[in-house]
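Student: Just passing along the structure, written as structure tokens.
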Amino acid sequence: MRFRRAESPISLSQLSALSTLAKEGAMTPGALAVRERVRPPSMTRVIASLADMGFVARNAHPVDGRQVLVSVSPAGAELVEAEKQASQEWLQRRLAQLEPEQRKTLLMAADLMSAMVEESA
């Protein structure tokens, strides 16, 4: 959601990578690139910028000395949680502005989309 991106210290692509690491744990830059569906050089730049800001840590791979593992730092975990909280608060404010009938329509649409996802799984 682009509700407060100007206030965030990181881009949407950086937030996506950071959120993936927070959710799934440490991984190699290549694995993160695959997970985020970007080319490895692009992910290398994202990781470098996040590391420069102190949001991720790079550590030696325990098995393959040629690889590194990227993980979320405590500051990165705090940022992910703050962004998640801000998104939820924004959505709650927006939903509160809707008329009851509009909220009912949204709920019905959400139920329909959930059913579609379950059918395709």
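Student: Can you work out which of the residues in the range 89-106 that are of a type outside the set (D, E, K, R) and either exposed (fewer than 11 other Cβ atoms within 10 Å of the Cβ) or in contact with a strand residue (DSSP E or B) (Cβ under 6 Å, 6 or more places away or on another chain) (or both) is nearest to LYS23 (Cα to Cα)? Lay out the reasoning, then the answer.
Tutor: Let us first name the residues in the range 89-106 that are of a type outside the set (D, E, K, R), namely 90-92, 95-98, 100, 102, 105-106.
Keeping just the survivors that are either exposed (fewer than 11 other Cβ atoms within 10 Å of the Cβ) or in contact with a strand residue (DSSP E or B) (Cβ under 6 Å, 6 or more places away or on another chain) (or both) gives 92, 96-97, 100.
Working: GLN92: 23, ALA96: 29, GLN97: 31, PRO100: 34 Å.
My answer is GLN92.
Student: While we're looking at this one, here's another question. Taking the range 49-77 on its own, how many of its residues are within 17 Å of SER13 (Cα to Cα) and under 17 Å from the mean Cα position of the chain (by Cα)?
Tutor: Within the range 49-77, the subset within 17 Å of SER13 (Cα to Cα) is 49-56, 70-72, 76-77.
With under 17 Å from the mean Cα position of the chain (by Cα) added as a condition, the list becomes 49-51, 53-56, 70-72, 76-77.
Residues meeting the conditions: 12.
Student: Quick check on the range 54-66. Is at least one of its residues in contact with a Lys or Arg (Cβ under 9 Å, 6 or more places away or on another chain) and touching a residue at least 12 places away in the same chain (Cβ under 8 Å)?
Tutor: Narrowing the range 54-66 to residues in contact with a Lys or Arg (Cβ under 9 Å, 6 or more places away or on another chain): none.
For the range 54-66, residues in contact with a Lys or Arg (Cβ under 9 Å, 6 or more places away or on another chain) and touching a residue at least 12 places away in the same chain (Cβ under 8 Å): absent.
Student: Now a separate question. Can you tell me how many residues in the range 1-32 are at pLDDT 95 or above, over 14 Å from ILE47 (Cα atoms) and assigned to a loop (DSSP other than H, G, I, E, B)?
Tutor: Of the residues in that region, 1 qualify.
Student: Turning to a different aspect of this structure: How about the range 16-31: which of its residues are under 16 Å from SER73 (Cβ atoms), among the small types (Gly, Ala, Ser) and more than 11 Å from the chain's Cα centre (by Cα)?
Tutor: Within the range 16-31, GLY25, ALA26 qualify.
The values are calculated or read from the model by the stated rules, or taken from the named source; none is laboratory data. Remember, it's a predicted structure, so these values are computed and weren't measured experimentally. Ideal geometry is used to build each Cβ from the backbone, glycine not excepted, and the neighbour counts take in all protein chains shown.
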